[in-house]
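No lab work stands behind these numbers, since they all come straight from the coordinates. Worth saying up front: this structure is predicted, and the values here are computed from it rather than measured. Cβ atoms come from the backbone with ideal geometry, glycine included; neighbour counts cover every protein chain shown.
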Amino acid sequence: MAETDKKEYVVGVDLGGTKILAGVFDSQLRCLGRARLSTKAQRGPAEVIKRIARCVNDVVDECDLSPKQVRGVGVGAPGPVNPESGKVIFAPNLPEWTDVPLQKELSKHLDLPVSVENDCNVCTLGVYHAELKGKPRSMVGIFLGTGIGGGLILDGKLYSGFNRTAGEVGHMVLEVGGPKCGCGNRGCFEALAGRAAIFRRIQAAVKEGQKTMLTEMLGPDLEDLRSGDLRKALRRGDKFVEKIIEEMAEYTGIAVANIINLLNPEVVVLGGGIIQQLADDMMSIVVETAIDYSMNGTTKGIDIVASDLGDDAGITGAAVLARMQPK
């Protein structure tokens with residue numbers, strides 16, 4: 001077999017409610033190229049699966065490879081997944097996605113082995129293998145984006161729990177009777193510190209007369225508000241935004257403390273879009289709060305760090321998932 005025909009490449013896919021991101025990775029987990037497509041979730045599961053296949057084919061072609069050189073494909077899906085069957089049990093941000101056989105159908109389209117896992121589990125795998133080189137025996141990943149998700153590495157392996165829903169750190173209740181969460185409960189971590197919740201709080205405060213530089217930057221309705229805008233307002237000395245971010249960091253620190261008290265992992269890694277934009281402003285508060293709310297001595301030697309992978313955590317972890325398939 002010629003050197004170039006060896007199946008040294010894998011494709012990692014991050015499936016989201018609005019976008020599909022795919023990347024080709026080599027045997028050293030280096031990303032050789034990326035492709036992006038809108039999800040078009042309203043078209044239903046069958047059409048979305050076709051779009052995933054198209055995105056995979058696009059990125060393989062972009063990297064001047066043929067499908068014969070690809071070992072397999074890994075996919076991170078936004079919801080609970082049965083990794084044995086590759087079925088997405090449900091996906092809150094994808095209409096009609098209940099018991100969707102994603103692995104089986106995508107494998108048919110691509111004629112390649114496919115593995116499927118929950119997206120935050122996949123991001124955790126990416127951080128664990130690409131950033132931490134698989135060294136800690138235990139790690140918890142917390143990903144702050146539109147919502148908040150997480151993943152657990154216990155004894156060097158991904159832990160998905162009895163019902164495949166372990167790691168849902170965003171739905172720990174931190175404030176009894178607090179704001180309503182998308183899951184139906186009140187006072188969840190996600191409802192207090194997720195991007196959607198934070199943006200709603202800012203917009204509500206502005207309607208009630210709160211002054212902020214954000215309205216100068218974006219207009220009175222703040223329709224196009226992004227995490228990066230919060231960083232810009234902070235740099236310009238916006239005290240209201242500073243208070244909001246401090247509160248978000250404190251809630252995150254309390255969540256980290258709960259995790260440390262429960263699991264005592266070697267490393268807690270924070271990632272996602274909010275951390276990517278605001279790590280410099282949040283991490284010292286997160287660490288200080290986590291230490292304050294943890295039992296005495298429980299944080300000794302534990303690293304609480306921000307991930308550098310950013311948007312690439314999903315595709316990197318999905319590539320790890322693909323490489324875990326037996327040859």
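Here the peptides 273-281, 299-307 are ranked by packing, the mean other Cβ count within 10 Å, and the order with the highest first is 273-281, 299-307.
Across the stretch 71-120, the relative contact order, built from alpha-carbon pairs under 8 Å that are at least six residues apart, equals 48 percent.
Report note on the peptides 258-264, 55-61, 40-46: ranked by the mean count of other C-beta atoms within 10 Å, highest first, their order is 55-61, 258-264, 40-46. When both the stretch 128-171 and the stretch 272-305 are represented by their alpha-carbon centers, they are found 16 Å apart. In the stretch 132-309, if the dipole is taken from +1 on Lys/Arg beta carbons and -1 on Asp/Glu beta carbons about the Cα centre, which of Leu214, Leu262, Gly301 is farthest to the positive end? Working it through, the farthest residue towards the positive pole turns out to be Leu262. In order along the stretch 66-71, the phi-based Karplus estimate (6.51 cos²θ - 1.76 cosθ + 1.60, θ = phi - 60°) of 3J(HN,Hα) comes to 10, x, 5, 8, 9, 6 Hz; Gly and Pro are listed as x. With a 10 Å cut-off between alpha carbons and a GNM built on the chain, which of Ala313, Ala204, Ala53 moves the most? The residue with the greatest mean-square fluctuation here is Ala204.
Out of all DSSP beta bridges with both ends in the chain, state the antiparallel percent to the nearest 5. In the chain, approximately 60 percent of DSSP beta bridges are antiparallel ones. Put the Cα centre of the stretch 76-124 next to the Cα centre of the stretch 196-221 and the gap is 37 Å.
Past the 20 Å Cα-Cα mark, which pairs from Lys135/Lys157; Lys207/Lys243; Lys19/Lys157? Pairs exceeding the cut-off: Lys19/Lys157.
Counting charges near Thr39 (Lys, Arg +1; Asp, Glu -1) among other residues having Cβ under 11 Å from its Cβ returns a value of +3. Under the combined filter of DSSP loop state and at most 11 neighbouring Cβ atoms within 10 Å, the stretch 141-179 retains these chymotrypsin sites (Phe, Trp or Tyr not before Pro): Phe162.
DSSP bridge analysis restricted to the stretch 132-309 gives an antiparallel fraction near 55%, rounded to the nearest 5. Listed by chain and number, the aspartates and glutamates whose C-alpha is less than 18 Å from the C-alpha of Lys180, apart from same-chain residues fewer than 8 away, are Glu168, Glu190, Glu247.
Packing order of peptides 205-213, 229-237, 114-122, highest average first: 114-122, 229-237, 205-213 (average count of other Cβ atoms within 10 Å over each peptide's residues). Among residues other than Val305 with Cβ under 15 Å from its Cβ, the summed charge is -4 (Lys and Arg +1, Asp and Glu -1).
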